[in-house]
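The values are calculated or read from the model by the stated rules, or taken from the named source; none is laboratory data. Just so you know, these numbers come straight off a predicted model, no measurement behind them. FYI the Cβ positions are ideal-geometry reconstructions off the backbone, even for glycines, and counts take in every protein chain you see. What goes into the accessible areas is simple: the full protein's heavy atoms, side chains included, and nothing from ligands, DNA or RNA. Shrake-Rupley method; radii C 1.70, N 1.55, O 1.52, S 1.80 Å.
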Amino acid sequence: MTSEWTGRRLHFVGLGGAGMSGLALIALELGATVTGSDRADSPYLARVRAAGIDARIGHDAGNVPCGDDVELVVSTAIGAANPERRAARSRGLREIHRGELLGELSRLRRSIAIAGTHGKTTTSSMATHALMRAGWDPSYVIGGELRTTGTNAGWGTGDWLVVEADESDRSFLQLAAEIALVTNIELDHHTTYASYAELEQAFAAFLRNGLRVVVADTPAAEAFLDRVEIVDAAFFGASEIELHPGGSRFVWAGEAVSLAVPGAHNVANAAAALTACVVAGAEPAAIAGTLADFAGAGRRFETLGSTASGALVIDDYAHHPTEVRAAIHAARTLGRRRVVAVFQPHLYSRTQLLAREFGAALALADVAVVLEIYPSRERSEDFPGVSGLLIAEAAADAAGGRPVGWAVDFDAAEQLLAATLRDGDVCLVLGAGDVDGLGRRLVR
């Protein structure tokens, strides 16, 4: 129960992550004493600091509070050699993975867990927004900022908790969900899963952990359920889809739905979110209109502003070829003159395996610019010969003569884009690293 959290002392290593900061905020709200650290400052750290959490910059053994009752919370991104982890081990402190702590939270409320290779952050945000507009006051933990509330986590008074479920490190298998939803399945985290078949089995285990299952109304999803022998599911889908510069209109469960966020992928996300709400007990007619004022999730097709030349700059977290394609297609619905796609690859391993696919996706833009790889938890020396240039070359091969640029850093990219962007263009800055910082440099 929530009373069990009162008096707990939790120290988060990697506190500035989207998932970790959300967990920390809820732990604080439930009565725990929360501290933490991260290697660099960030908006998420500023948010937890504003809530009263002691958030330190840099990793140091001295950051771990005194006492033998401190629990160290870590994510997969924090290596065993981290000085705070070493200090905790030497003191015999309990160490908890982020997924385990999220699993504890999922047992406190009736939970809707939303997983999938693409769209899980937006779908989780939509489900939370819809339940809020319906007056259910849900709790939520999302891997991005819900623009409705300006934060990525909250502990409401209602019965339901919406959880974004992460397959990247198999942590979604630690959740206790009443409703388990999968948006789609595609191999993305190649260091975790050796094959698509292995990934499918992980998603099947996630779904079996739920009491109710929600998947897409597609032949591929039905074939997946057959392969893994799941016989009972609710299916989401949409019809009569109209895309326009202001968003979309479509029919779901016999009801008219309007969205103010663009793209066919967001139609699918919305249908998934609304179906989860109905499985939770909402009436279709009552829930269908709740997404009309949904403004999106942070770093998911988020408008940053305009350049001095008049180009619209949009930031998107797309870091897989399917997501890059979806973002470019969504940008086309805005009716702008040209789509300029600026892509920062994320992870050497992903770049090595999917360079050709990334190039083909970026070639859909009128102009493409590729940056150097954001390494995250990987090291360049472990991937000799792998750089963003691989994707730039693949994009140039597929672009049919359309311009493709290669920039080794933000300064070079900014100079190139200043000479490229014109009034009427839309400039997408794409990637799961820090490319949003380049986007902010481009706007006035």
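Of note:
- Of the criteria (1) out of contact with any helix residue (DSSP H, G or I) (no Cβ under 8 Å at 6 or more places or on another chain); (2) small (Gly, Ala, Ser); (3) buried (at least 18 other Cβ atoms within 10 Å of the Cβ); (4) outside any helix (DSSP H, G or I), which one Gly67 fails: (3)
- Residue that is nearest to Val213 (Cα to Cα), among those in the stretch 300-309 that are open to solvent by less than 40 Å² (accessible area, probe 1.4 Å) and in contact with a helix residue (DSSP H, G or I) (Cβ under 7 Å, 6 or more places away or on another chain): Phe301
- Test for Phe236: is it over 25 Å from Ala204 (Cα atoms) and buried (at least 20 other Cβ atoms within 10 Å of the Cβ): no
- Lone qualifier among Thr148, Thr128, Thr122, Thr117 - being open to solvent by 40 Å² or more (accessible area, probe 1.4 Å) and closer than 18 Å to Asn266 by Cα: Thr148
- Apart from one condition, Ala88 fits all of (1) assigned to a helix (DSSP H, G or I); (2) touching an Asp or Glu at 6+ places or on another chain (Cβ under 7 Å); (3) closer than 27 Å to Leu353 by Cβ; the exception is (3).
- Out of Ala273, Ala256, Ala280, Ala216, one residue alone is touching a Phe, Trp or Tyr at 6+ places or on another chain (Cβ under 9 Å), open to solvent by 50 Å² or more (accessible area, probe 1.4 Å), within 30 Å of Asp137 (Cβ to Cβ) and not aromatic (Phe, Trp, Tyr). It is Ala256.
- In the set (1) out of contact with any strand residue (DSSP E or B) (no Cβ under 7 Å at 6 or more places or on another chain); (2) at pLDDT 95 or above, Ala77 fails one condition alone, (2).
- Residue pairs whose Cβ atoms lie under 6 Å apart, separated by 6 or more positions or on different chains, with the first residue in the stretch 277-290 and at pLDDT 95 or above and the second of a type in the set (Lys, Arg) and open to solvent by 50 Å² or more (accessible area, probe 1.4 Å), are Val279/Arg212; Thr290/Arg133.
- Out of Asp366, Asp423, Asp436, one residue alone is modelled with pLDDT of 95 or more and open to solvent by 60 Å² or more (accessible area, probe 1.4 Å). It is Asp423.
- Checking Gly52 against (1) more than 18 Å from Trp155 (Cα to Cα); (2) in a loop (DSSP other than H, G, I, E, B), the condition it does not meet: (1)
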